[in-house]
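The values are calculated or read from the model by the stated rules, or taken from the named source; none is laboratory data. For clarity, every value in this text was computed on a predicted model and none was experimentally measured. Cβ placement follows ideal geometry from the backbone for every residue including glycine, while neighbour counts extend to all protein chains displayed. For accessibility, only protein heavy atoms count, side chains too; no ligands or nucleic acids. Shrake-Rupley method; radii C 1.70, N 1.55, O 1.52, S 1.80 Å.
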Amino acid sequence: MRVLSGIQPSGRLHIGNYFGAMQQHLELQSEHDGFYFIADYHALTSNPDPKELAERSLDVAMDYLALGLDPEKTVFWRQSDVPEVLELAWLLSCVTPMGLLQRCVSFKDKVAQGLTPNHGLFAYPVLQAADILAFNSNLVPVGADQKQHIEVTRDIATRFNNAYSELLTIPEPRIIESVAVVPGVDGRKMSKSYDNTLEIFAPPKQAKKQIMRIVTDSTPVEDPKDPATCNVFALLKLVAEPSELAEWETRYRSGGMGYGDAKKRLAELMLAYFEPFREKREDLTKNLDYVHGVLANGAARAGAVARDTLNKARAAVGLTQA
Ligand code: ADP
Ligand code: TRP
């Protein structure tokens with residue numbers, strides 16, 4: 001079974017990316033045929049600084065490798081090193097109704113958050129469909145916010161198959177519902193675009209500072225508190241053992257606990273969780289040739305698969321000469 005996913009290098013990776021997506025990518029690679037990539041074409045839709053985009057792409061590569069991506073088993077590449085997906089995206093665009101894209105919540109959300117939309121942002125789901133369909137993916141592990149994009153992909157693939165020939169594999173999403181959407185320090189969805197993240201590899205001092213800034217309500221210390229609506233508790237759920245989490249739940253509900261106590265413990269647990277990977281991450285920064293080599297090798301392997309699908313798709317729509 002082929003498992004494929006991508007992450008945008010639009011900022012430093014955060015724990016929402018990790019618990020919502022990367023953790024399952026890494027788990028799945030042992031049993032499945034893993035195809036993971038750095039979605040730098042997609043990141044361009046938010047017009048990043050060119051130097052930063054290049055640096056962030058490398059950061060994402062190092063983060064994945066440090067956290068356990070195994071390049072022997074898994075094909076790992078930078079999206080823009082396999083430009084065949086752009087041509088496939090065009091072929092798919094021509095079977096995609098405007099209305100399908102107009103209904104996309106992630107587009108509407110970004111506009112509502114103040115981003116001035118460009119055509120790339122509007123067409124984003126078509127390129128994502130090309131990413132998935134070029135590699136005959138069966139399973140796409142993503143965070144809950146991406147569910148609609150996978151539905152759009154299925155819709156586009158079905159339209160293409162009906163219009164031409166049964167060429168494209170219809171993928172299934174894989175979403176860990178229990179993680180749902182990880183909140184950021186301001187309570188909105190944690191996102192690189194909202195400047196509200198807890199970075200996976202932030203220096204410990206910075207990580208503690210960011211955690212102490214998590215927004216909570218103004219319930220006085222002595223009063224009972226509702227864990228279900230608390231951002232700190234939502235994050236504790238990700239890193240605390242079930243028995244410890246149950247204790248925190250009782251402390252919340254019985255009152256007499258300040259949010260500061262929960263935040264301090266969250267900082268300890270979060271740092272301890274990622275500690276084992278820090279050294280590897282540090283080593284990779286001194287070994288960039290290795291990182292570039294992994295990406296080049298991944299691009300060669302991914303490129304061969306994408307070219308094959310693209311050639312078949314070109315023939316199906318009538319672009320090849322008789
Ligand atoms: P960001 O919103 O930070 O730019 P991306 O859109 O690049 O993140 O998402 C990369 C992956 O991480 C996707 O599969 C997405 O669903 C997941 N993800 C991102 N933010 C969160 C979050 N706050 N909670 C859960 N999963 C998330
Ligand atoms: N849109 C995804 C996100 O923001 C990133 C992405 C691009 C992706 N292409 C993909 C995810 C293909 C899964 C499959 O998270």
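Leaving out ligands, DNA and RNA, and with a 1.4 Å probe, what % of the accessible surface on the chain is carbon or sulfur? Heavy-atom surface of the chain belonging to carbon and sulfur, 1.4 Å probe: 51 percent.
In order along the range 291-298, the phi-based Karplus estimate (6.51 cos²θ - 1.76 cosθ + 1.60, θ = phi - 60°) of 3J(HN,Hα) comes to 4, 4, x, 4, 5, 5, 5, x Hz; Gly and Pro are listed as x.
A straight chain from LYS286 to GLU27 at 0.36 nm per residue would run longer than the Cα-Cα distance by 90.6 nm. Label positions at SER254 and ASP70, each projected 7 Å from the Cα along the C-beta direction, are separated by 4.5 nm.
Between LEU245 and ARG301, the distance separating the two model label sites (each 7 Å from Cα on the Cα→Cβ line) works out to 3.3 nm. The spacing between the range 15-78 and the range 272-319, judged by their C-alpha centroids, is 8 Å.
A cut-off of 5 Å between modelled amide H atoms, ignoring neighbours fewer than 5 places along the same chain, links HIS14 with ILE200.
In Å², and per residue, what accessible area does the range 192-282 have when probed at 1.4 Å with the other protein chains present?
Numbers: 5080 Å² over 91 residues.
I get 56 Å² per residue for the range 192-282.
Within the range 177-282, the GluC sites (Glu not before Pro) that combine a DSSP coil assignment with at most 14 other C-beta atoms in a 10 angstrom radius are GLU177, GLU222.
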